[in-house]
Structure formats: C-alpha cells, structure tokens
Ligand SMILES: [Fe+2]
C-alpha cells in the first residue's frame, strides 16, 4: 500500500502524538479524532484503510464506536484495531465481539505495534478489490457466505451451479477465488472442477470446495481435480474467511515467484545474447559496435512510431541480433578486404537464414526471428533470402534495414572511408524508391532530426 489512510481515535494527545510519529514510518496519511463520537463521525464520513482506536474515551467509548462502524453497511468492512491499556481476557473478548479485527495492548513495544499495523495493511492489500465467485444451488448458503465475505472486504459474485459459474468465469469479470459446492443441478462441483482444469487460464484460479460430504475418497478426488482447499459443512464464517485469505496470499506469493523467475530467465537470456554478439563482433573490427548502433536507431524509430516499452525492448534485441548469422560465415569470406566473388556473395547472403536458425529453438526469441530473417529484403522484391515484397516484409525488418544502411555507410570499412552524413541521408532518402520502406525512411529522418 503506497500511502495507507489511517484514522487514530484517542482522547490523549500524548498517545496520538506517539502514534503519529510511529505511523510516519509507514508513510501513512493520518487523521486524528479526540473521542469515540468524533471518531465515528470521521469513520463514516471518510475512506480509511485502517482505524486504530483507544477504548476508554469521553462521549463514546471505543467498543461502542467499533460496533457502530461495523454495523454500517458501507463502512463495515473498514478494519478496526483496538489499542487499549486494558489487557484482561474479557476486555479482549469484548473487543472481538463488537467486530474489531485486532486487539493490541498499550504495554506492547513500539516495534510490535508497527509490525501489527503493517501486517494489517498487508492483509488489506491482499483482500482489497479481490472478487470471490460463490457457487451453490442453495440461495441461503450463497447469501450467508457472500455476506460474510462482503463484510470482510471482498467483492462477491454468485452462481447457482457449475454452468453459471463458467459463464461468469468466461465473461469480462475477473475472479480471484472460486468457492464451490459439490451437489448442484445442471453442472455439479466435480464437473466444474474438471472444466476448470481443462483451461490454463481458469486452472490458475484457486478453487475452494465446500461440501457436507466428508468421505475421504471424494475429498481426495477433488484435490486431484485441482481443488486448493476443501471445507466440510458446517464450518464457521471465520474459518472460511481465514481459508480464503490464505489461498489468496499463497496465490499471490506464487504469482510473485513466477514473475521473479521469468525476470531472472529474461536477464540470463539477455546476457547470453550479449555474449553471442560480442563473439561475432570480436572477429571483425570494422563491424564492432554496429549491432548496438543499429539497435539504438531502431529503438529511436520505434519511439517515434509510438511503440510501447515491451515492443521497444523486443525490437532492440532483434536489432542487436540482426547479423547474428554471420557467426556461420567463414573468416575468408566475412573478413575479405577486397571485392567478393559471386560465390562469396552467395555465402554472405545466407547469414539471415543462419541467424534465424540459431534463434529458432529459443521460445522467447520467436518474436525476433522474422526481423532477423528479413532484414535484407527489399521493397521491390529484389532482396534476400525470400524475395519478399513491400508490406510482406515484417515491419521490424524494414526498420532495422534503414538503421543497418545508415550505420554501415557512416562507419569505416576496409574498402572505403566513412561517408559524410549529408550524403548518407541523401542516399537513404533516394532508397525510398524500390529498396527501403518509405514510411520507415520518413520516421528515420524525423528521428535523426530530433
Ligand atoms: Fe545483415
């Protein structure tokens, strides 16, 4: 939570000041109220992520205030943490009986207080805006489960049977947890679980089964069908809330780990690519830095064209790799200082195909392959290796082709000195007819101007 909104209710200015100081550590936006009545007014009139309240206060005590907040249909889900110097069991029990979400005693250290507040806010972050699909043919159970989840701060969608549940799941509504009964008409819980398993997207949503059946074989079967938890009816609403919360936090933990794993894989892949490029450029002093320069131009052009950051990153990789296939060209041809024979030129022309072949087994490179394969195609069909024409040439390949020519002509080569910029820009502009993509040339000139 970036800036949690917290209401503190305490009649002691010393305690309010102390709390305020500690909550600064959480970067909280804090509102203060001097007694229960003022606290209630603030709680009902504002939006808070957490209310921290004393018990003994003039006008209205903390228990009464908590009970009134909790029975309000709009504000009932705001978590209330009681902070009191009373630490007898009956006081703590009283706190929970009026709906408080936590009870802290003032004797606990400051560190403990902050930890508890932070835990609370983390929990609310997990719950906030999470939508639970409750599937049961009994309207009574749907209402009971639904209302208790609503009170706990979740959003709830109901379905009468498996088929209705699938309709919801296949609609635009995003569901975070499914709670389903087993015995239902039209489509029962087993069939629903099977249907969820067959879809990679739906399979990822945690499924909590609730049923009056307690036979082991059935419970095992439901777990085999992908259920994340099984609760035997009757169960308390606290148990249910606790299980849902646990499923969500495990689920988000897993999503987070998966994201981390992908990020790690991605960075490994990028460093392997860098090594490949370095290996390629180490052979040929004249092309050193060429891939990087072409990538820079391609990204600049992509930016002018309004590509999003993911597209720009992939385009950059494709551009850096465009000549990767030259790894497969013999030194005698690649590094030959003089003019190439027809045969030698034919060998050079295989480099886009070799490059695409190197990348083909790497799944995350699939998007870059067409650009690598087609960067020497020409708009009039006279290029290689496939002789593609116009719009059939992938856009990224057409972009890279412009950068490739610009950088090749402006850099030093064994057989010639770098050409002056003005002359190169003229050549590129002339190449709009037949060779280069005219739109890309327009974008390139705009980019150079910038
Ligand atoms: Fe090339």
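The numbers here are math on the coordinates, done by the rules we state, and not lab data. As the structure is a prediction and not an experimental result, all values here were calculated from the model. Methodologically, a virtual Cβ is constructed for each residue, glycine included, from the backbone with ideal geometry; neighbour enumeration extends over all protein chains shown.
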> Per residue of the chain, what 222 nm ellipticity follows from adding -39500 (n - 2.57) for every DSSP H run with n ≥ 4, rounded to the nearest 500?
Replying inline: -16500 deg cm²/dmol
>> In Å, what Kirkwood hydrodynamic radius results for the chain from the alpha-carbon pair distances?
In response: 27.6
> Could you give the Stokes-Einstein D for region 341-450 in µm² per second, using the C-alpha Kirkwood radius, 37 °C, 0.692 mPa s?
Replying inline: 220
> How far, in degrees from 0 to 90, does helix 110-127 lean away from the longest principal axis of the Cα atoms of the chain, to the nearest 10?
Replying inline: 70
> So how tilted is helix 438-449 from the main axis of the chain? Cα-based, degrees 0 to 90, rounded to 10.
Replying inline: 80
>> Per-residue counts of other Cβ atoms within 10 Å, averaged by peptide: what ranking do you get for 295-306, 217-228, 59-70, highest first?
In response: 59-70, 295-306, 217-228
> Taking Cα pairs under 8 Å and at least six residues apart, what relative contact order does the chain come out at, in percent?
Replying inline: 7
> With contacts defined as alpha carbon pairs under 8 Å and 6 or more residues apart, what's the relative contact order of region 203-334 in percent?
Replying inline: 17
> Got the relative contact order for region 131-254 handy, in percent, Cα pairs under 8 Å and 6 or more residues apart?
Replying inline: 23
> Taking the highest mean first, how do the peptides 368-378, 158-168, 438-448 order by number of other beta carbon atoms within 10 angstrom per residue?
Replying inline: 368-378, 158-168, 438-448
> Once you put a point 7 Å from the Cα of residue 335 and another 7 Å from the Cα of residue 279, both along the Cβ direction, what distance in nm separates them?
Replying inline: 1.7
> Measuring from centroid to centroid over Cα atoms, what is the spacing of region 76-106 and region 380-450 in Å?
Replying inline: 72
> Per the Kirkwood formula on distinct C-alpha pairs, the Rh of region 1-102 is how many angstrom?
Replying inline: 13.4
> For region 131-254, what mean projected area does the convex hull of the alpha carbons give, in nm²?
Replying inline: 6.9
>> Nearest 10 degrees is fine. How inclined is helix 13-24 to the longest principal axis of the chain, computing both from alpha carbons?
In response: 20
